[in-house]
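> Quick one: this structure, given as structure tokens, is what I'll be asking you about.
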2 protein chains.
Amino acid sequence: MKNILFDFIAKYVSLTDDEKNAILSLDLFRSVKKGTTLLEEGQKSEDSYFVLKGCIRIYYIIDGEEKTTAFYTEMDAFTPPCVINKVPSEYFISCVEDSILTVSNSDMEVEINSKFPKFDIMCRILSQELLAKQQIDFDEFKTSSPEQRYLNLLQKRPDLIQRVPQHQLASYLGIKPQSLSRLRARILEKKS
Amino acid sequence: MKNILFDFIAKYVSLTDDEKNAILSLDLFRSVKKGTTLLEEGQKSEDSYFVLKGCIRIYYIIDGEEKTTAFYTEMDAFTPPCVINKVPSEYFISCVEDSILTVSNSDMEVEINSKFPKFDIMCRILSQELLAKQQIDFDEFKTSSPEQRYLNLLQKRPDLIQRVPQHQLASYLGIKPQSLSRLRARILEKKS
DNA sequence: CGTATTTCTTAACTTAAGTGAACGAGGTAT
DNA sequence: ATACCTCGTTCACTTAAGTTAAGAAATACG
């Protein structure tokens, strides 16, 4: 399990054994049961997540309805905006499956960053990459219809469609569960 | 004009006069005429932008149709994803109005960053902030209807609605120009 | 094991966005 | 001044998503 984390880090910087041990000494690893809520609307938090195994989900409750906006799975890193902006959260974070995560807070990051400046560099590269990636995702979302978005998801993250409840997928695609059902029926129709 | 840039930087780090002069010596400032294309689909680029005055626009051409995905105005910084990922651009960047920009490339950033480590820190904070900001924007887009998006834009960037052509605004909102016209008529109807 | 609950699908109807076409206002070029 | 073009709006029609409701299927739980 540790190795998943170190493989991820290795994409950005190379670590000495000393550095690896410093990270392990932080006790970052958490096992989390399916359905657990990691963060609630209105709460403040300092925690960043990295998914080693499983799936976590970001959702809002708007007019009593859940609106899912993101899923993070294996090898995904996520720092909630409310942590960056130091404001209460407007959304919930919960576990879609039994998961293994690393959970780190600002204090830990300050500690590691001051010991090993390398980490600062990694964080910069990582956030630039994530920003670029998200810009592309956002552009794809804006420029396509719900049906195209579904087909796109089928290409890019076929696992999600299997492991996540349909009604959560639907709001992730910007539509209602009924519309997703219909849309899928329509696609099957076309194929035949 | 310089001061707009330094005011922006001052939000993240404080600069000595030496550092300010080092920046000015890079000759970053560019005046660009309305309609100028700064980047075309298929081109590679190393340029990042900061808008001092005016407005630039990101758009794709999909099936022969322009799809606008972003506008950057005064005090906005923008590094295209294709610069981060070192791949050819999939989109165009053009000037909506006569504008004054700073244009910097990777070499300049490397030079400044090595002289003044401060800049590295600024870049990290900035990209984290932009990432958080964009996550929130994306969430708002996903969780709202075209009408809500328009009303939201009216609140947050009322200037855009004045200074940008309607058909560009429409695709920015994820709809066709005719739908935007209708939607606006509908809103006026409701008010009365 | 059986009951309750959640999840997914289907259907009928409503609402809003997409499409294609036409029109007028405003600007530009000749 | 005229012809041309872009832009925004309007309209009629089509298509797809929202809404409400019902029922089937899967899952959770006592």
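> Provide, as a two-decimal number, the C-alpha radius of gyration of region A:1-158 over 2.2 N^0.38 Å, N being how many residues it has.
1.10
> Right, here's the next one. R0 = 51 Å: FRET efficiency of B:Arg182 with A:Ile100, Cβ-based, nearest 0.05?
0.55
> What is the dipole size for region A:57-181, taken about its Cα centre, with +1 at each Lys and Arg Cβ and -1 at each Asp and Glu Cβ, in debye to the nearest 20?
Computed about the Cα centre, the dipole is about 220 debye.
> Taking the Cα centroid of region B:169-189 and of region A:32-79, what is the distance between the two, rounded to the nearest whole Å?
After rounding, the separation between the Cα centres reads 33 Å.
> Right, here's the next one. Taking a ≥ b ≥ c as the square roots of the Cα gyration tensor eigenvalues, with a/c under 1.5 meaning rounded and otherwise prolate when a/b beats b/c, else oblate, which class fits the protein assembly as shown?
Oblate.
> Another question about this same structure. Can you tell me which aspartates and glutamates have their Cα less than 17 Å from the Cα of A:Lys67? Leave out same-chain residues fewer than eight positions away.
A:Glu40, A:Glu41, A:Glu90, B:Asp137, B:Asp139, B:Glu140
> About its Cα centre, how strong a charge dipole does the protein assembly as shown have in debye, to the nearest 20, once Lys and Arg get +1 and Asp and Glu get -1 at the Cβ?
Approximately 1500 debye in magnitude.
> According to the square roots a ≥ b ≥ c of the eigenvalues of the Cα gyration tensor, what is the shape class of region A:56-109, taking rounded for a/c under 1.5, prolate for a/b larger than b/c otherwise, and oblate for the remainder?
oblate
> If I fit a long axis through the Cα atoms of helix A:106-115 and take the longest principal axis of the Cα atoms of chain A, what angle between them do I get, 0 to 90°, rounded to 10?
On a 0 to 90 degree scale, this one is about 50.
> Also, quick follow-up: With everything on Cα atoms, drop me the angle between helix A:177-191 and the longest principal axis of chain A, reported from 0 to 90° to the nearest 10.
Helix A:177-191 sits roughly 70 degrees off the main axis of chain A.
> Sticking with this one: Given the pairs B:Lys44/B:Lys176; B:Lys2/B:Lys115; A:Lys2/A:Lys118; B:Lys118/B:Lys156, which span a C-alpha to C-alpha distance of over 25 angstrom in this model?
With Cα atoms farther than 25 Å apart: B:Lys44/B:Lys176; B:Lys118/B:Lys156.
> Then there is this: Add -39500 (n - 2.57) for each DSSP H run of 4 or more in chain B, then divide by its residues: what number comes out at 222 nm, to the nearest 500 deg cm²/dmol?
Computed mean residue ellipticity for chain B: -15000 deg cm²/dmol.
> Might you report the magnitude of the Cβ-based charge dipole of region B:99-166 about its Cα centre, with Lys and Arg at +1 and Asp and Glu at -1, to the nearest 20 debye?
It comes to approximately 180 debye.
> Shifting gears a bit: Amide H neighbours of A:Ile62 under 5 Å, at least 5 residues apart or on other chains, H built in the peptide plane: list them.
A:Lys67
> If the cut-off is a Cα-Cα distance under 14 Å, which aspartates and glutamates reach A:Lys11, setting aside same-chain residues fewer than 8 apart in sequence?
Within reach: A:Asp76, A:Glu129.
> Related question: Starting from the amide H of B:Cys55, placed 1.01 Å from N in the peptide plane, find each other amide H under 5 Å away whose residue is 5 or more places distant or on another chain.
For B:Cys55, the qualifying residues are B:Val96, B:Glu97.
> Which aspartates and glutamates, on any chain, are close to A:Lys20 with Cα under 17 Å apart, when same-chain ones fewer than 8 places away are left out?
A:Asp7, A:Glu109, A:Glu111, A:Asp120
> Give the nm distances, rounded to one decimal, from B:Arg186 to the matching residue in every other copy, measuring between label points 7 Å along Cα toward the beta carbon; shortest first.
Output for B:Arg186: 1.7 nm, nearest copy listed first.
> If the label for A:Ile125 sits 7 angstrom from Cα along the Cα-to-Cβ line, what are its distances to the same label in every other copy, in nm to one decimal, shortest first?
2.3
> Using a label point 7 Å beyond Cα on the Cα-Cβ vector, give me the inter-copy distances for A:Ala22 in nanometres, one decimal, shortest first.
2.5
> For region A:78-147, go through all pairs of different Cα atoms, get the mean of 1/r, take its inverse, and jot down that Kirkwood value in Å.
So the Kirkwood estimate lands at 15.0 Å.
> By how many degrees, 0 to 90 and rounded to 10, does the Cα axis of helix A:118-142 deviate from the longest principal axis of chain A?
For A:118-142 against chain A, the angle is about 10 degrees.
> Taking every residue in A:78-84, how many Cβ atoms of other protein chains lie within 10 Å of its Cβ, on average?
The shielding value for this peptide is 4.
> Go ahead and collect, in residue order, the members of region B:69-98 whose backbone nitrogen is under 12 Å from a label point 7 Å along the Cα-Cβ direction of B:Thr37.
Residues B:91-95 qualify, since their backbone N sits under 12 Å from the label point.
> Another question about this same structure. Let me know the shape class of region B:139-184, please: from the alpha-carbon gyration tensor, a ≥ b ≥ c as square roots of the eigenvalues, rounded when a/c is under 1.5, otherwise prolate if a/b is greater than b/c, or oblate.
oblate
> Another question, if that's okay. Of A:Phe141, B:Leu183, B:Leu52, which is farthest on the positive side of the dipole of the protein assembly as shown, counting Cα position, with +1 on Lys and Arg Cβ, -1 on Asp and Glu Cβ, and the Cα centre as origin?
The one lying farthest along the dipole's positive direction is B:Leu183.
> Highest first, please rank the peptides A:95-107, B:92-104 by the mean number of other Cβ atoms sitting within 10 Å of their residues.
In descending order of packing, they fall as B:92-104, A:95-107.
> For chain B, what is the relative contact order in percent, using Cα pairs closer than 8 Å and at least 6 residues apart in sequence?
23 percent.
> Based on the Cβ-Cβ distance of A:Arg157 and B:Asn152, what FRET efficiency does E = 1/(1 + (r/R0)^6) give at R0 = 35 Å, to the nearest 0.05?
0.80
> Taking a point 7 angstrom from the Cα of A:Asn21 along the C-beta vector, which residues in region A:92-116 have backbone N less than 12 Å away?
Those under the cut-off are none; the list is empty.
Where a number appears in this text, it was derived from the coordinates with a stated rule and is not lab data. These numbers come from a predicted model, not from an experiment. Please note: Cβ atoms are built from the backbone with ideal geometry, for glycine as well, and neighbour counts cover all protein chains shown.
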